[in-house]
Amino acid sequence: MAEKIIMMTEQRGAAPVIPATPETPTGLLSDRLARPLRDLRISVTDRCNFRCVYCMPKAVFNSDYQYLPHKALLSFEEITRLARIFVAHGVEKIRLTGGEPLLRKDIEKLIAMLARLKTASGQPLDLTLTTNASLLARKAQALKDAGLQRVTVSLDALDNQTFRRMNDVDFDVRDVLQGLEQAHKVGLGPVKVNMVVKAGMNDQEILPMARYFRHSPFILRFIEYMDVGASNGWKMDEVLPSAQVVERIHAEFPLQALDANYSGETATRWRYADGGGEIGMISSVTQAFCGDCTRARLSTEGQLYTCLFASSGHDLRALLRDGHSDNAISGALAQLWRARADRYSELRTAQTALPQAEQRKVEMSYIGG
Ligand code: SAM
Ligand code: SF4
Ligand code: SF4
């Protein structure tokens, strides 16, 4: 069968350099919708050893795809310097992501550098990482020793055939399960397990996943398939609303709703009535949570994105490499956050009327999930 060709508009590196007005951080930044800055997701590589159909489809991410050259990537020193400024502005939680973050050479050195940062109120950072777990069994201990607190593992099926179809590189599910166990064993818990549900592709795995992770130390979360990027050919009828996921599980294992742990939590929480543990639903499509969104994203090459669905970022790397002071970069960041009014998920309906390739959105593997 001939490979599908997907046309894409190149979005990387299109960001303007922003003016830098020096400012000392107060930890009290707030955007135009009164949302503080609390979370930072840092993409440490745009590369991945999987080709998940909903994220890096082979038709686009093939041998012709131009990944970023090494010199374009932020160095560990640059990442840590920016992270320190974000933390001074109120960030309390940092998540490393990608691409596949465990592919970045010496990632544990970066973790050790970030683990030394303290929040504006003097507390240790909440430092986590999202991974496909292909290298986790091997690396879990070193990550823990470096100061990582927790990991989130992406796992879309237990059935090997379905899992291999989802990752599209024939990766065996047993290796991911080993990584999960190892992460738990070395104390990188509570380990969360994220399953992206694509209707007609892996939704038959919802119940087997629920059964497998009940009465286990792992917290399973179901994610609605999202229209991120411009390459995954997203269609609304491939989204299985979380409400239906809850219904299917509830029919076999009765569920009770739980309150949110904190404001801004992306997942709604449920517990099994029989004490089998907790699950979460991330309903980015059917129940937008922009009103509480306190997340900023830093791309692999140092572009700041104030929304997962933004069409362009802001070039913080240029400020670093042009020799600006911390206070100048801090001023630029403050100015950008105060101007932020993003709420894409709440406005999605109007946008999705356009063909996906014409929507100017950046790839998730570039800015991180
Ligand atoms: N490679 C790592 C992994 O898969 O965990 C980290 C990066 S990945 C981009 C981060 C998260 O985004 C994963 O949990 C993945 O399942 C999710 N993701 C990617 N594309 C998505 C989409 N179209 N809809 C919903 N979630 C998606
Ligand atoms: Fe790679 Fe993660 Fe994207 Fe899958 S979801 S292709 S593992 S970056
Ligand atoms: Fe936050 Fe943008 Fe997602 Fe809304 S759409 S929750 S603003 S990242």
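Given R₀ = 35 Å, what would the calculated FRET efficiency be for K71 paired with D292, taking r from the Cβ atoms and rounding to 0.05?
Values: r = 37 Å, r/R0 = 1.07.
In this case the efficiency is close to 0.40.
Normalised size of the chain, defined as Cα radius of gyration per 2.2 N^0.38 Å with N residues, equals 0.95. Rounded to the nearest 0.05, the FRET efficiency derived from the C-beta distance between R321 and Y212 at R0 = 56 Å is 0.75. A 1.4 Å probe run over the protein chains yields, for segment 171-315, 38 Å² of accessible area per residue, whole-number rounding.
Kindly state, to the nearest 0.05, the FRET efficiency for R32 paired with A257, given R0 = 35 Å and r defined as their beta-carbon distance. All intermediate terms of the calculation are to be shown ahead of the outcome.
Details: r = 31 Å, r/R0 = 0.89.
The calculated FRET efficiency here is 0.65.
Determine the gain in length on full extension of the stretch K185-Q141; use 0.36 nm per residue of separation and subtract their C-alpha separation, reporting nm with one decimal. Don't skip to the end; give the middle numbers.
Details: separation 44, 0.36 × 44 = 15.84 nm, distance 0.90 nm.
Length gained between K185 and Q141: 14.9 nm.
Rolling a 1.4 Å probe over the protein heavy atoms of segment 8-367, with every protein chain left in place, gives an accessible area that is 51 percent carbon and sulfur. Largest mean-square fluctuation among L110, L28, L127, in a Gaussian network model of the chain whose springs join Cα atoms under 10 Å apart, belongs to L28. Every Cα-Cα pair of segment 25-82 was included, and the share exceeding 19 Å stands at 55 percent. Calculate log10 I(q)/I(0) of segment 135-285 for q = 0.09, 0.16, 0.20 Å⁻¹, where I(q) comes from the Debye formula with a single equal point scatterer on each Cα and nothing for solvent. Values, matching the q order: -0.29, -0.94, -1.37.
Given the -39500 (n - 2.57) contribution per DSSP H run of 4+ residues, what per-residue ellipticity at 222 nm results for the chain, rounded to the nearest 500 deg cm²/dmol? Show your work: numbers first, answer last.
Details: 11 runs with 105 residues, N = 369.
Per the formula, -8000 deg cm²/dmol.
Peptides 178-187, 160-169, ordered by how many other C-beta atoms sit within 10 Å of their residues on average, highest first, read 178-187, 160-169.
The residues of segment 108-159 expose, per residue, 39 Å² of accessible area to a 1.4 Å probe.
Sites listed here are chymotrypsin sites (Phe, Trp or Tyr not before Pro) in segment 227-306 whose DSSP assignment is loop and whose Cβ has at most 12 other Cβ atoms within 10 Å: Y262. Taking every DSSP bridge with both residues inside the chain, close to 35 percent are antiparallel.
Tell me the trypsin sites (Lys or Arg not before Pro) within segment 190-293 that lie in a loop according to DSSP and have at most 13 other beta-carbon atoms within 10 Å. Mind showing how you got there, number by number?
Values: sites: K192, K198, R211, R214, R221, K235, R248, R269, R271; in loops: R214, K235.
Hits after loop and neighbour filter: K235.
3J(HN,Hα) along segment 136-142: 6, 4, 6, 9, 4, 4, 5 Hz, from the Karplus curve 6.51 cos²θ - 1.76 cosθ + 1.60 with θ = phi - 60°, whole Hz, x for Gly and Pro. Listed cross-link partners K105/K139; K109/K144; K118/K192; K118/K185; K93/K139 are compared with a 18 Å cut-off, the Cα-Cα value being larger for K118/K192; K118/K185; K93/K139.
The values are calculated or read from the model by the stated rules, or taken from the named source; none is laboratory data. Predicted, not measured: the structure shown is a model, and the values here were computed from it. As a convention, Cβ positions derive from the backbone with ideal geometry for all residues, glycine included, and neighbour counts pool all protein chains shown. Calculation scope for accessible area: heavy atoms of the full protein, side chains included, ligands and nucleic acids excluded. Shrake-Rupley method; radii C 1.70, N 1.55, O 1.52, S 1.80 Å.
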